[in-house]
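Just so it is clear, none of the values below were taken in a lab; they were calculated from the coordinates. Please read these numbers as outputs of a predicted model, since none were measured by experiment. Here the Cβ is made from the backbone with ideal geometry for all residues, glycine too, and neighbour counts use every protein chain on show.
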Amino acid sequence: MKIFLRIVLGILSWQAVLGWLWPLFLMAIYAAHKPRFVEGCLAVDWRPWVTTPREFLHRINWPAGMYTRSELSGKWIRVAHKSVATARPWTGLSLTIGWGFVLNPRAGRRVLRHELVHTRQHSDYALAANIYSSAAAAVHQDPWIYLGLALTWPLLILPNFINAVLRGGRFNLDSEHERSARAQTDIIGGESWEQVEARRIR
Ligand SMILES: [Zn+2]
């Protein structure tokens, strides 16, 4: 029954299921690896050169960035492993589009659960887009209107960002979809809301 419902969900929000494609694309361009299905969604990890470029270069003994000129002696000295790896602009980057997401390799279970919340939100947007595009196609008697409008589903996230700013908040961190994902999966007092809820309905 559960798998049947998931298939129905996948059909009703088929655009979100297309989200499987972009992790595959990241793998094809050697930016991600370790594909696995989690609750029907395709998860991959960024490859190390994306998240920790300097550390990765160091590991493969690439000379760039491994040496620095000493301020005291003026000589070139070898930089310790840890300090080479300090600049990691992408270290926190985990991202979801539809039913596909890419994780920082250092991300733990909490981030995985967080991105899964976003995949569910994307199913909601896709279903909403299917409802209004079906209605518009029926009114205009034109199936192409359905296809054109159905693919506008990612735009449904924009009002969340706009309203977050209009409420005086931050673009992403104070959007309601982000607050929802954090509230459900961040560990507070030893447990996340999701874990407490799962225990309650068991
Ligand atoms: Zn998020």
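Structure above, values below:
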item	result
Among 30-43, 121-134, the order from most to least packed when residues are scored by Cβ within 10 Å on average	121-134, 30-43
Cα→Cβ-extended label distance, 7 Å offset, between Glu197 and Arg110, nm	1.8
Whole-Hz ³J(HN,Hα) from phi, Karplus 6.51 cos²θ - 1.76 cosθ + 1.60, for the stretch 100-112, glycine and proline x	x, 8, 10, 10, 5, x, 7, 5, x, 4, 4, 5, 4
FRET efficiency, Arg182 to Leu12 (Cβ-Cβ, R0 25 Å, nearest 0.05)	0.40
Amide H contacts under 5 Å for Ser94, placed H, 5+ residues apart	Asn104
Net charge over other residues, Cβ less than 14 angstrom from the Cβ of Glu39 (K, R count +1; D, E count -1)	+4
